[in-house]
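*Asks:* Pasting a structure below so you can have a look.
Every read-out reported here was derived from the displayed coordinates using simple, explicitly stated rules and does not represent laboratory data. These numbers come from a predicted model, not from an experiment. Here the Cβ positions follow ideal geometry from the backbone for every residue, glycine too, while neighbour counts run over all protein chains shown.
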Amino acid sequence: MSATPETAADATPEAALDAAPGHRFDGRVAVVTGAGRGLGRAHALLLARRGAKVVVNDLGGTKEGEGSDAGPANDVVREIEAAGGVAVADTNNVGREDGCHALVDTAVREFGRVDIVVNNAGISRFATFPEADSENLELTLDVHLRGTWHTTRAAWPHMVKQGYGRVVTTTSTGMFGLRDNLAYATAKGALIGFTRSLALEAAEHGIKVNCVAPNAITRPSTSAAKPNITTTALDEARLQALRTDLVAPMVAYLAHEDCAVNGEILVAGAQRFARWFLGVTSGYHSKGQQTPTVEEITEHWDEITDQSGYYVPASLHDWTATYMAHLGA
Ligand code: NAD
């Protein structure tokens, strides 16, 4: 998928409400956390343009998670309303369990239900080991991991009761290895376990839980701790390709009733969309009667790590069936 006239229009505040047929969200209520800026704003604008009533949550603090400001959430609500959409601002802190419950209460009080939760709010406190201290870890886990956990948990009974729901979590390709933001990468890794496991529980309730790994230029991209990634260093074409509204269509797909996947991780941004999967090599099967030795591991290292016959388990049970196939059913 590439930039369309529709996504380009998202970048302008005066974008008119899109009444075109297609993937609509009429009658749906969406909660988008951290929707006052960056990616969350783009997600909220697109969902609203397609007919969803949106709770625009944002605490409005710094990118490191300090302070608060009602301005960003209110600005996005005004933007949605100016385009003919329906939205309400919510400034609860998703880094607190009571804030997450109050946020879902806002959706139910204002719009009577909650169909979609886009867990997007995030902070970034660059620090590596051992400087990354417990405060860094806890605050990062509070917003990214516990915020997602508690907001989803608050919405869950409503979704189960109505037999329908869509949950989107937000991970990061930083999880592949991000030396200077250790707590962030740790929290984003945990969200993958959360997403995939909750998806198994969700299936029988008509709920789907998927994860997006975005790629866009936003506040954290211009952190002083990452001097090599500044907007001034990027050419105009690259800046355009890294617009937040080029990520939002994937989030809208995962939030739509036609979403065909559950428990998946999708990478989105820079005009590319991709599946990120967790694979396991076929490995080496030690067939001897003796306890395997360290030398046996060394000898068979290439077989253990050979990626040619890898498989992609959908769940723990799925993995067991392949990994322990030699033990029989
Ligand atoms: P951003 O700083 O522009 O937006 C994040 C928003 O979340 C801010 O408006 C902030 O006020 C809000 N927020 C922070 N803590 C909150 C809290 N406790 N309660 C409510 N709102 C809170 O950053 P962004 O790049 O748009 O990030 C959005 C999400 O995407 C984050 O989860 C981030 O980790 C993730 N992400 C972004 C990229 C990227 O390329 N920009 C890459 C990977 C992952």
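*Asks:* Please compute the net charge surrounding ASN74, taking Lys and Arg as +1 and Asp and Glu as -1 over other residues with Cβ under 13 Å from its Cβ. Display every interim value, and only then the final one.
*Replies:* Working: positive: ARG37, ARG41, ARG78; negative: ASP58, ASP69, ASP75, GLU79, GLU81, ASP90.
Charge balance near ASN74 sits at -3.
*Asks:* If you don't mind, another one. Roughly what would the spin-label model give for CYS259 and ASP105, points 7 Å off Cα along C-beta, in nm?
*Replies:* For CYS259 paired with ASP105, the spin-label model returns 2.6 nm.
*Asks:* For the stretch 238-313, count all C-alpha to C-alpha pairs, find those more than 20 Å apart, and express that count as a whole percent of the total. Provide the component values of the computation, followed by the final result.
*Replies:* Working: 1625 of 2850 pairs.
When every Cα pair of the stretch 238-313 is considered, 57 percent fall beyond 20 Å.
*Asks:* Calculate, for THR173 and GLU303, the FRET efficiency according to 1/(1 + (r/R0)^6) with r their C-beta to C-beta distance and R0 41 Å; round to the nearest 0.05.
*Replies:* Values: r = 29 Å, r/R0 = 0.70.
About 0.90, to the nearest 0.05.
*Asks:* If you don't mind, there's one more thing I want to ask. Compute the separation of the alpha-carbon centres of the stretch 35-90 and the stretch 98-145 and state it in Å as a whole number.
*Replies:* 15
*Asks:* Once the Cα gyration tensor of the chain is diagonalised, what are the square roots of 5 times its eigenvalues, in whole Å and ordered largest first, as equivalent ellipsoid semi-axes?
*Replies:* Details: eigenvalues 261, 111, 79 Å².
In descending order, the three semi-axes are 36, 24, 20 Å.
*Asks:* In the calculated pair distance distribution of the stretch 279-329, what percentage of Cα-Cα distances lie above 13 Å?
*Replies:* On the way: 799 of 1275 pairs.
Looking at the stretch 279-329, the distances longer than 13 Å represent 63 percent of pairs.
*Asks:* What per residue convex hull volume, in Å³, do the alpha-carbon atoms of the stretch 154-208 yield? Write out the running numbers ahead of the final one.
*Replies:* Numbers: hull volume 3.7 nm³, N = 55.
So the per-residue hull volume is 68 Å³.
*Asks:* I want to verify a result. In a Gaussian network model of the chain, Cα cutoff 10 Å, which of these has the top mean-square fluctuation: GLY27, GLY309, GLY269?
*Replies:* In this elastic network of the chain, the residue with the biggest mean-square fluctuation among GLY27, GLY309, GLY269 is GLY309.
*Asks:* Could you check what % of the DSSP bridge pairs in the chain are antiparallel, to the nearest 5?
*Replies:* Values: 6 of 33 bridges.
Around 20 percent antiparallel, to the nearest 5.
*Asks:* Per q in 0.14 1/Å, what log10 I(q)/I(0) does a Debye calculation on the alpha-carbon atoms of the stretch 16-113 return?
*Replies:* With no solvent term, the Cα-only Debye profile gives -0.46.
*Asks:* Please list, short to long, the whole-number percent of alpha-carbon pairs of the stretch 83-138 in consecutive 5 angstrom bins beginning at zero.
*Replies:* Reading upward from the zero bin: 4, 14, 21, 18, 14, 10, 9, 6, 4, 1.
*Asks:* So, counting K/R as plus one and D/E as minus one, what does the shell of residues with Cβ under 13 Å around THR281 add up to? Please report the intermediate quantities before stating the final value.
*Replies:* Details: positive: none; negative: ASP302, GLU303, ASP306.
Computed value for this residue: -3.
*Asks:* Still on this structure, I have one more. For every helix of n ≥ 4 consecutive DSSP H residues, a contribution of -39,500 (n - 2.57) applies; sum these over the chain, divide by its total residues, and give [θ] at 222 nm rounded to the nearest 500 deg cm²/dmol. Write down the numbers at each step before the final one.
*Replies:* On the way: 12 runs with 122 residues, N = 329.
One gets -11000 deg cm²/dmol as the mean residue ellipticity at 222 nm.
*Asks:* Could you order peptides 146-157, 123-134 by the average number of other Cβ atoms within 10 Å of their residues, highest first?
*Replies:* Numbers: 146-157: 22.5, 123-134: 15.5.
Sorting 146-157, 123-134 by mean packing, highest first, produces 146-157, 123-134.
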